[in-house]
Amino acid sequence: MIAEIQRRRTFAIISHPDAGKTTLTEKLLLYGGAVQLAGSVTARKNARATTSDWMELEKQRGISVSSTVLQFDYHGYRVNLLDTPGHKDFSEDTYRVLTAVDAVVMVIDAAKGIEAQTRKLFEVCRRRGVPIFTFMNKCDRPTRDPLNLLDELESVLGIGAFPVNWPLGTGTSFRGVYDRQQKSVHLFERTPQGAYRAPVQVGSLAEPFVRERLDDSDYHRAVEELEMLDIAGVEYDAQKVHHGEQTPVFFGSAMNNFGVQLLLDAFLERSLPPQPRHVGEKVIAPETPAFSGFVFKIQANMDPRHRDRIAFVRICSGKFNRDMTVTHTRTGKRVRLASAHRLFGQERETVDEAYAGDVIGLVGHTEFGIGDTLTTDPSISYQEIPRFPPECFAFLHNPNPGKFKQFRQGVEQLLQEGVVQVFDLRDSIQKIPLLAAVGPLQFEVVQYRLESEYGAPSTLENASWDAFRWLPAGVDVKAVKLPTGCRLAYDAAGLPGVLFPSAWTRKYFGELNGGMELFDLPPEG
């Protein structure tokens, strides 16, 4: 079991939209032998679709709107790659995925540098102490000065940056990268099938055939920058990398398939296998005999033919065996895990055994919710999943009474995924679902999926509120005084709170109710 755990690598790729995250994912799968032809999110309609963007809406928009698990073997490693949405409206899904990984690869557009969503996701990783590897993408296009990109990592994100390799030229003059530790040049060659690397072992950049391929200005610049890094740059520190205090930096082009294998090989060598998790004061090591894991995502209708529901489980300790019986800690019930699958985007295959670090999909089990722990040791209960207060609200209407059954079933199943919340307004005459989400694009996804997967059209009516705050546990809701424009509502668990149209009404609510405490998240007890 220890040998199997040691060869696991579980990571996610994060980035700002359009930095090249999904393209990099596809090329990693290509090297892993998991796909025969990498897709492109910007490809023409008749070209191959990306493996990670399996939902039809993702293919139409060219963006990832749902996280996906992709598992494959490469050079003796068992890789669990979690593709995540880049768009800020789906950040809650991404935040949950980051609880299930042991490292991340941060993709940065070398022409734009650090962007808003990258900074947000980085902060989530830093709070969790997740090791971060950086890929400066699109080097075959005009880029910012690479030294400035390193400086931005250190000044904006506050993390030490160690460039493992260094770009030789930029844009149309980009010729490859120099590996600073191996003292080797990897040349960028354009071929009809795409770019490839030619591993040329050299002791310096001064080899004649290297000089011939570089412009004089690019050559002299690279030599000066490398000398500067050797003198004034940070030293590589594996311990700092493992604690998320230093990031190894790689340069390349995912679209043209250059530098991707260098990144993959170095990442697998330098990253850590599954690490211990904390449950209160207890430390649960991956090799602990007891099986344990937690649900970090629920996805409905990955296979539309079967109206199925998959709970994504990150295994934290022990070994999973098909048909094993575990305790569902939230309910205390014993559950047999009969239908378990190894996932690859939308594809799946039955899995008989899995180990700490793996992500498996459990089909059915409507009783499972996001954050639930499954274990053979009932004393283990993980508290890994963060929750976020919603910021956007809208009423979802069913315009076709004849489709009421499909509409109701679709809403119930999609809400189980946990990305969109639903609230019931107090004293409301009509029972129209009030949806709430971190970003408005989530509503569009719900509508699209209702119609495409359940045959139930819907209309959306935006609501004027911009925040929901929970009331203290045990409060007498009848005694609560509401400012104009505010409404009392209940979440899916029946807990009361207040919908506010503005920050001013939230402040006035406190004055009306003697400074009553409100909560961004449901209060305990």
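The values are calculated or read from the model by the stated rules, or taken from the named source; none is laboratory data. Keep in mind it's a predicted model, so treat the numbers as computed, not measured. With ideal geometry, Cβ positions are generated from the backbone for all residues, glycine too; neighbour counts draw on all protein chains shown.
Any residue at all in the stretch 472-481 that is among the aliphatic types (A, V, I, L, M), part of a helix (DSSP H, G or I) and within 29 Å of the chain's Cα centre (by Cα)? Checked against the condition, which is being among the aliphatic types (A, V, I, L, M), part of a helix (DSSP H, G or I) and within 29 Å of the chain's Cα centre (by Cα), the stretch 472-481 yields no hits at all. Residue pairs whose Cβ atoms lie under 7 Å apart, sitting 6 or more positions apart in sequence or on different chains, and linking a residue in the stretch 148-163 that is more than 16 Å from Gly129 (Cα to Cα) and without any contact (Cβ under 8 Å) to a residue 40 or more places away in the chain to a partner that is aliphatic (A, V, I, L, M) and not in a helix (DSSP H, G or I), are Glu152/Ile114; Glu154/Ala161. Of the residues Gly371, Gly364, the single one that is in contact with a helix residue (DSSP H, G or I) (Cβ under 9 Å, 6 or more places away or on another chain), at pLDDT below 90 and at positive phi is Gly371. Counting the residues of the stretch 354-378 that are out of contact with any Gly (no Cβ under 9 Å at 6 or more places or on another chain) and surrounded by fewer than 16 Cβ atoms within 10 Å (Cβ to Cβ) gives 3. Taking the stretch 460-471 as the range and being closer than 15 Å to Ala436 by Cα and of a type outside the set (D, E, K, R) as the test, the residues that pass are Leu460, Asn462, Ala463, Ser464, Trp465, Ala467, Phe468, Trp470. Scanning the stretch 239-291 for residues that are more than 28 Å from Leu30 (Cα to Cα), surrounded by fewer than 16 Cβ atoms within 10 Å (Cβ to Cβ) and of a type outside the set (A, V, I, L, M) returns Gln239, His243, Pro276, His278, Gly280, Glu281, Lys282, Pro289.
A single member of Val97, Val130, Val65 is closer than 22 Å to Ile360 by Cα and at pLDDT 90 or above, and it is Val130. Residues that are loosely packed, with under 13 Cβ neighbours inside 10 Å and of a type in the set (Gly, Ala, Ser) were ranked within the stretch 193-223; the one that is modelled with the lowest pLDDT is Ala198.
Conditions tested, residue by residue: (1) surrounded by 17 or more Cβ atoms within 10 Å (Cβ to Cβ); (2) of a type outside the set (S, T, N, Q); (3) touching a Lys or Arg at 6+ places or on another chain (Cβ under 6 Å); (4) in the same structural domain as Met324 (by TED's automatic domain parsing).
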position: Asp352; (1), (2), (3), (4): no, yes, yes, yes
position: Pro401; (1), (2), (3), (4): no, yes, no, no
position: Phe407; (1), (2), (3), (4): yes, yes, no, no
position: Val446; (1), (2), (3), (4): yes, yes, no, no
position: Glu453; (1), (2), (3), (4): yes, yes, no, no
position: Thr459; (1), (2), (3), (4): no, no, no, no
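Restricting the stretch 300-331 to residues that are loosely packed, with under 15 Cβ neighbours inside 10 Å and either within 14 Å of Asp372 (Cβ to Cβ) or not β-branched (Val, Ile, Thr) (or both), the residue that is modelled with the highest pLDDT is Asn321. Please enumerate the residues belonging to the stretch 379-396 that are part of a loop (DSSP other than H, G, I, E, B), modelled with pLDDT of 90 or more and surrounded by 15 or more Cβ atoms within 10 Å (Cβ to Cβ). If the condition is that a residue be part of a loop (DSSP other than H, G, I, E, B), modelled with pLDDT of 90 or more and surrounded by 15 or more Cβ atoms within 10 Å (Cβ to Cβ), then Ile380, Ser381, Tyr382 are the ones that fit. If you go through the stretch 450-491 and keep only what is at positive phi and modelled with pLDDT of 90 or more, you end up with just Gly485. Considering the stretch 500-525, the residues that are acidic (Asp, Glu) and in a loop (DSSP other than H, G, I, E, B) include one that is nearest to the chain's Cα centre (by Cα), namely Asp520. Taking each residue of the stretch 224-236 that is at pLDDT below 95 and looking for partners that are of a type in the set (Asp, Glu) with beta-carbon atoms closer than 8 Å, six or more apart or interchain, yields nothing.
Residue check: Glu123 meets all listed conditions (1) over 15 Å from the mean Cα position of the chain (by Cα); (2) within 21 Å of Val241 (Cα to Cα); (3) surrounded by fewer than 15 Cβ atoms within 10 Å (Cβ to Cβ) but one, namely (1).
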